[in-house]
1. Show me, for region 52-61, the HN-Hα J-couplings you get by feeding each phi into the Karplus relation (A = 6.51, B = -1.76, C = 1.60, θ = phi - 60°), rounded to Hz, glycine and proline as x.
2. Could you tell me which of rounded, prolate or oblate describes region 12-82, using a ≥ b ≥ c as the square roots of the eigenvalues of the alpha-carbon gyration tensor, with rounded for a/c under 1.5 and, failing that, prolate when a/b is larger than b/c and oblate otherwise?
3. Work out from phi, with θ = phi - 60° and the Karplus expression 6.51 cos²θ - 1.76 cosθ + 1.60, the ³J(HN,Hα) of each residue of region 34-47, listed in order in whole Hz, and give x for Gly and Pro.
4. Extending each Cα 7 Å along its Cβ direction at Ala69 and Glu46, get the distance between those two points in nm, one decimal.
5. For the pair Ser36/Gln56, report the inter-label distance in nm, with labels modelled 7 Å from Cα in the Cβ direction.
6. If the chain between Arg26 and Leu88 were fully stretched, how many nm would it gain, using 0.36 nm times the residue separation less the Cα-Cα distance?
7. State the volume of the convex hull built on the alpha-carbon positions of region 39-126, expressed per residue in Å³ and rounded to an integer.
8. Looking at Ala145, Pro73, Ala105, which one has the Cα that reaches farthest to the positive end of the dipole of region 2-153 (charges on Cβ: Lys, Arg +1; Asp, Glu -1)?
Amino acid sequence: MKIDTVNALLEEELQDIYDAEKRLVRALPKMAKGASSDELRAAIEEHLEVTKGQVQRLEQVFEGLGMKAKAKPCAGMKGLIEEGEEVLGKDGLEVLKDAAIIGAAQRVEHYEMAAYGTARTLAECLGNDEAVSLLQETLDEEKEADEKLTEISMQLLEGMNGAGSEDGEGSQTETRSSRSGNGSQKAGSRTSRAR
């Protein structure tokens, strides 16, 4: 497809996101199954249902723009899912494996936030308020999922109390790292809401 208009670029972006979400619907059950924490498993299963709704919302966006709901292979999501599957295949402490699953899931969320933010901006340029609203709704859901994953990660790592390292330094370092990541995410969320 030749990208020579904002409309063509938006269609390209939507096709990419559509494929990404469909891939995610297939991948999330495996991630949930690999989680040891009941809270993490429940969060992933809940996000699976949200993701199914996001696929339907994308179909509404396509329809509202007069475009056919069609997927274009999303290499980015394919790679992120492959990385997540690598995590599932590793042995280790359950809490650390769960933290690694969260890391893989958050990379997915950040990819989606970037994609939906771009698509929303393009829809704004076209003056399509319905598409803007639908895309923003999904963007907000992705941000909420990311924040929830950060909370679960911090709870898991703080609960370790030095397990997994001889001197306890490992868990403290990872917890500080999670906190600093959380701070930047919250700052990013505030920036997005301020628009």
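Readers should treat all values here as calculations from the given coordinates under stated rules, not as data from a laboratory. Keep in mind that what you see is a predicted model, and the values were worked out from it rather than measured. Cβ: placed from backbone, ideal geometry, glycine included. Neighbour counts: every protein chain shown.
1. Calculated HN-Hα couplings, in order: 4, x, 5, 4, 5, 5, 4, 4, 5, 4 Hz.
2. Oblate.
3. Computed from phi, the couplings for region 34-47 are x, 7, 8, 6, 4, 5, 5, 4, 5, 5, 5, 5, 5, 5 Hz.
4. My value for the distance between the label points is 2.5 nm.
5. Simple spin-label model gives 3.6 nm for this pair.
6. Roughly 20.8 nm would be gained on extension.
7. Cα-based convex hull of region 39-126, divided per residue, equals 99 Å³.
8. Of the options given, the answer is Pro73.
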